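J.: So that we are looking at the same thing, I have put the structure below in structure tokens.
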Amino acid sequence: MKTSEAGLNTTFDMRLLDDMARKETVIHRVHPLVKLVTTVIYLTVVVSFGSYEIIGLLPLLFYPVLVITLAELPIRPILKRMLLAAPFVIGIGILNPVFDHQVFVVGGLTLSRGWITFFSIVLKCILTVSAALLLIASTGMDKLASALRMLKIPRLFVLQLLLTYRYISVLMEEVTRILRAYSMRAPQQKGIHPKVWGSLTGQLILRTFERAQRVYQAMCLRGFTGEYNTGAHERITVRDTVYLVVWGLFFALARIYNIPMLIGSLLTGVV
Amino acid sequence: MSHHMTEVKDLHYVYPDGHKAVNGISFKIHHGESVGIIGANGAGKSTLLMLLMGVLFPCQGEVLVGEVLVTKKTLPGIRQRMGMVFQDPDDQLFMTTVYDDVAFGPRNYNLEEKEVEKRVLQALEMVGILHLKDRAPFKLSGGEKRAAAIASVLSLQPDILVMDEPTSALDPKSRRRLMKLLDSFEHTKIITSHDLDMVYELCDRSIVIKDGEIAADGPTSKILVDADLMDACGLEIPLALQNCPVCGRKK
Ligand SMILES: Nc1ncnc2c1ncn2[C@@H]1O[C@H](COP(=O)(O)OP(=O)(O)OP(=O)(O)O)[C@@H](O)[C@H]1O
Ligand SMILES: [Mg+2]
């Protein structure tokens with residue numbers, strides 16, 4: 001019980017991302033809009049690679065690695081959150097090796113195309129999920145929302161996104177409380193008795209719903225009308241533009257040229 | 001000034017599940033009055049405050065703030081003048097830092113960021129938690145959260161301050177500080193509490209609620225000493241007015 005509670009706490013503690021977002025580093029200081037656009041370009045580039053591509057994708061690893069280093073973000077919590085996506089990724093990708101038995105030979109190695117696609121999917125997921133997490137961890141959800149508003153995304157969608165994000169932490173906190181209350185009164189039990197699963201989930205839904213409603217009411221009482229104002233009206237500076245252009249160029253290069261192959265052939269002199 | 005008068009006429013509220021929480025409450029609160037709303041658990045105090053703030057709408061009867069009927073349309077204007085501190089501070093704090101939480105209200109009214117900062121620091125100073133401004137609200141202790149919740153309302157500089165059990169979960173010093181703060185607040189105060197000693201000190205007038213109805217309404221100094229009334233409504237005479245436990249004499 002204790003372990004599962006602690007596990008829930010650390011894995012789902014979205015608020016840790018909020019904590020990370022409050023640091024002050026080179027990356028954190030980049031304008032939210034610029035970071036958002038950079039991330040969107042990155043995601044598009046990653047997804048646009050063919051399903052047999054692995055080598056060509058590798059240079060794109062450079063982006064998350066550099067961002068995580070410059071933003072001084074802790075690696076373990078980010079990795080943990082990435083694991084949340086793992087079941088879906090494996091679920092989608094695992095059938096490829098089963099169905100696709102064609103083989104081909106690369107430099108003496110015989111490879112199944114199925115496995116290649118599988119690894120390509122996994123790699124793409126790692127890249128996209130990490131880029132999205134890093135965006136949140138280095139920007140913060142509220143600033144991100146204001147960036148979305150600058151892009152003229154309708155207010156309702158942005159609000160929906162924000163409240164959903166808040167709702168996840170509200171939900172997780174309720175789960176922790178219910179589990180704690182349960183385990184205190186059922187100390188010898190290892191898990192939760194199946195008999196009460198129904199009533200516990202029912203409780204959870206009702207409680208989180210009520211709580212979310214009260215949080216929303218409290219927001220309205222303080223003049224909230226749907227426009228989320230973070231107070232920071234930063235301007236896009238030259239540095240921000242440079243950030244965007246440099247990454248944009250790098251992504252374009254990585255997409256057009258197979259950089260590892262290029263380097264390889266340069267080194268072996270077979271151009 | 002009559003435009004800050006709060007008036008409630010024959011208010012009824014039934015929760016969706018059929019529970020009658022408020023049954024025909026009427027009163028008038030003038031500008032500058034400080035009113036304590038007291039009653040046993042489940043008497044309907046929190047529900048009454050929600051009705052005042054327009055969080056809930058009455059099934060019957062009406063609420064007037066400054067001679068304006070509280071409806072969905074008039075709500076934005078009215079809320080700018082009223083600030084409410086919830087019974088549970090967790091409902092009120094949702095931003096990532098205490099500072100942002102306190103700044104949330106002023107920013108919604110599109111104040112200049114300079115003015116916002118001034119107000120936030122002032123509000124935090126008033127409740128004595130300036131040193132917590134960069135902390136995450138969900139990591140604070142119960143009493144610190146309460147103080148942050150109060151600051152988040154003070155930063156709006158409301159004309160009418162509504163508080164649901166402000167002193168619960170506060171340590172004696174913080175309770176004292178809060179009472180001083182409330183005492184210095186010249187505008188209208190509407191406070192519900194089980195802390196009858198606080199009500200006795202702070203509120204000139206008390207409204208006793210029992211089962212969703214008004215059991216008594218009058219000067220605090222008369223109501224809180226009425227042992228029979230207090231007893232019938234699930235309350236007790238404030239400690240300060242009871243026999244001194246040490247010397248056994250009436251104070
Ligand atoms: N969401 C709800 N749905 C149904 N009934 C409710 C709801 N909230 C409160 N009640 C009922 O309405 C009555 C009044 O509740 P209220 O919260 O106003 O009491 P209170 O006077 O604030 O009590 P306390 O001193 O414990 O805070 C209670 O009997 C309660 O059971
Ligand atoms: Mg209450």
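J.: Taking the solvent-accessible surface of protein heavy atoms with a 1.4 Å probe, what is the per residue accessible area of chain B in Å²?
T.: Spelled out: the 1.4 Å probe surface of chain B, per residue, equals 45 Å².
J.: Using a Förster distance of 56 Å, how high is the FRET efficiency between A:Phe104 and B:Tyr109, based on the Cβ-Cβ distance and rounded to 0.05?
T.: The pair A:Phe104/B:Tyr109 has a calculated efficiency of 0.30.
J.: Follow-up question, since we're still on this one. How crowded by other chains is B:78-84, given as the mean number of beta carbons from other chains within 10 Å of each beta carbon?
T.: Working: counts 0, 5, 2, 0, 1, 2, 4.
Taking all residues of B:78-84 together, the mean is 2.
J.: While we're here: If the reach is capped at under 16 angstrom between alpha carbons, list the aspartates and glutamates near B:Lys20, excluding any in the same chain fewer than eight residues apart.
T.: Straight-line reach from B:Lys20, under 16 Å: B:Asp10, B:Asp211, B:Glu213.
J.: Could you tell me the relative contact order of chain B? Use alpha-carbon pairs under 8 Å, at least six residues apart, and round to a whole percent.
T.: Reported as a whole number, the value is 24 percent.
J.: Using a 1.4 Å probe on protein heavy atoms only, how many Å² of accessible area do B and A hide from each other, summed over both chains and rounded to 100?
T.: Details: alone 12370 and 16720 Å², together 26630 Å².
Summing both chains' loss of accessible area gives about 2500 Å².
J.: Taking the simple approach of a point 7 Å from Cα along Cα-to-Cβ for both A:Lys23 and A:Leu58, what is their distance in nm?
T.: In this crude spin-label approximation the distance works out to 2.8 nm.
J.: What's the angle, to the nearest 10 degrees (0 to 90), between helix A:259-268's Cα axis and the longest principal axis of chain A?
T.: 30
J.: State the antiparallel share, in %, of DSSP beta bridges confined to chain B, rounding to the nearest 5. List each step's numbers first, then the result.
T.: Details: 21 of 38 bridges.
Here the antiparallel bridges make up roughly 55 percent for chain B.
J.: Could you pull out the GluC sites (Glu not before Pro) across the range B:156-251 that fall in loop regions by DSSP (anything but H, G, I, E, B) with no more than 12 other Cβ atoms inside 10 Å?
T.: Listed in order of number, the matching sites are B:Glu186.
J.: Rounded to whole Å and sorted largest first, what semi-axes of the equivalent ellipsoid does the C-alpha gyration tensor of the protein assembly as shown yield via the square root of 5 times each eigenvalue?
T.: That gives 56, 26, 20 Å for the three semi-axes.
J.: Shifting gears a bit: Report, in debye and to the nearest 20, how large the dipole of chain A comes out about its Cα centre when Lys and Arg carry +1 and Asp and Glu carry -1 on their Cβ. Working shown, then result.
T.: Values: 28 positive and 15 negative charges, 148 e Å.
Computed charge dipole of chain A: roughly 720 debye.
J.: Which of the listed residues, B:Gly77, B:Pro158, B:Gly18, is farthest toward the dipole's positive end in chain B, when Lys, Arg count +1 and Asp, Glu count -1 at the beta-carbon?
T.: Going by the charge dipole, the pick is B:Pro158.
J.: Could you check what % of the DSSP bridge pairs in the protein assembly as shown are antiparallel, to the nearest 5?
T.: 60
J.: Now, a different point. Using a 1.4 angstrom probe, figure out how much accessible area the range A:154-228 has per residue, in square angstrom, rounded to the nearest whole.
T.: 61
J.: On to the next question. Label point 7 Å out from B:Arg177 along Cα-to-Cβ: which residues of the range B:135-161 have amide N under 17 Å?
T.: B:135-137, B:140-155
J.: Under 28 Å Cα-Cα from A:Lys152, which lysines qualify once same-chain neighbours fewer than 8 residues away are excluded?
T.: A:Lys23, A:Lys35, A:Lys143, B:Lys72, B:Lys73, B:Lys114
J.: 5 Å is the cut-off here: which amide hydrogens, built 1.01 Å from N in the peptide plane, fall below it relative to B:Gly24, excluding neighbours closer than 5 in sequence?
T.: Placed amide hydrogens put B:Leu11, B:His12, B:Tyr13 under 5 Å from B:Gly24.
J.: While we're on this one: Under a plain spin-label model, where a point goes 7 Å from the Cα along Cα-to-Cβ, how far apart in nm are A:Ile256 and B:Thr71?
T.: Simple spin-label model gives 6.4 nm for this pair.
J.: Viscosity 0.692 mPa s, temperature 37 °C: Stokes-Einstein D of chain B from its Kirkwood Cα radius, in µm² per second?
T.: Numbers: Rh = 18.8 Å.
So the translational diffusion coefficient is about 174 µm²/s.
J.: Please name whichever of A:Tyr243, A:Met141, A:Ile90 sits farthest to the positive end of the charge dipole of chain A, dipole taken about the Cα centre and charges placed at Cβ: Lys and Arg +1, Asp and Glu -1.
T.: The one lying farthest along the dipole's positive direction is A:Met141.
J.: Can I ask one more? Let me know the mean shielding of A:209-221 by other chains, meaning the per-residue number of their Cβ atoms within 10 Å of its Cβ. Walk me through the numbers before you get to the answer.
T.: Working: counts 0, 1, 3, 1, 2, 8, 6, 3, 9, 15, 7, 7, 16.
Counting Cβ atoms of other protein chains within 10 Å of each residue's Cβ and averaging gives 6.
J.: Related question: Amide H neighbours of B:Ile37 under 5 Å, counting only residues 5+ apart in sequence or on other chains, H built in-plane at 1.01 Å?
T.: B:Ile191, B:Thr192, B:Ser193, B:Ile207
J.: Helix-derived [θ] at 222 nm for chain B: sum -39500 (n - 2.57) over DSSP H runs of at least 4, divide by residue count, nearest 500?
T.: Counting only the DSSP helices, I get -9500 deg cm²/dmol.
J.: Here's a follow-up. Which order do B:His194, B:His12 take when ranked by solvent-accessible area (1.4 Å probe, heavy atoms of all protein chains), largest first?
T.: Numbers: B:His194 80, B:His12 50 Å².
Largest accessible area first, the residues go B:His194, B:His12.
J.: Each residue of the range B:55-71 in turn: what ³J(HN,Hα) in whole Hz from Karplus with 6.51, -1.76, 1.60 and θ = phi - 60°, glycine and Pro shown as x?
T.: Those phi angles translate into 6, 10, 10, x, 6, 8, x, 9, 10, 10, 10, x, 6, 10, 5, 6, 9 Hz.
J.: Express in nm, to one decimal, how much length is gained between B:His30 and B:Ser184 on full extension, taking 0.36 nm for each residue of separation and deducting their alpha carbon distance. Please list the in-between numbers first.
T.: Values: separation 154, 0.36 × 154 = 55.44 nm, distance 1.74 nm.
So the chain would gain 53.7 nm between B:His30 and B:Ser184.
J.: Which ³J(HN,Hα) values, rounded to whole Hz and listed in residue order, are derived for the range B:200-214 from phi using the Karplus coefficients 6.51, -1.76 and 1.60 in 6.51 cos²θ - 1.76 cosθ + 1.60 with θ = phi - 60°, glycine and proline given as x?
T.: 4, 7, 9, 9, 6, 10, 10, 10, 9, 10, 9, 6, x, 10, 7
J.: Averaged over its residues, how many other protein chain Cβ atoms are within 10 Å of peptide B:97-110's Cβ atoms?
T.: The mean count of partner-chain Cβ atoms within 10 Å per residue comes to 4.
J.: Could you size up the charge dipole of the protein assembly as shown around its Cα centre, putting +1 on the beta carbon of Lys and Arg and -1 on that of Asp and Glu, and report it in debye to the nearest 20?
T.: 1260
J.: Taking H as built 1.01 Å from N, whose amide H comes closer than 5 Å to the amide H of B:Val85, not counting residues under 5 places away?
T.: Amide H neighbours of B:Val85, under 5 Å, 5+ apart: B:Val162, B:Met163, B:Asp164.
The values are calculated or read from the model by the stated rules, or taken from the named source; none is laboratory data. Given the structure is predicted, the values throughout are model-derived calculations rather than measurements. Cβ sites come from the backbone with ideal geometry, for glycine too, and all protein chains shown count toward neighbours. Ligands, DNA and RNA are stripped out before the accessible areas are found, and what is left, the full protein with its side chains, is counted by its heavy atoms. Shrake-Rupley method; radii C 1.70, N 1.55, O 1.52, S 1.80 Å.
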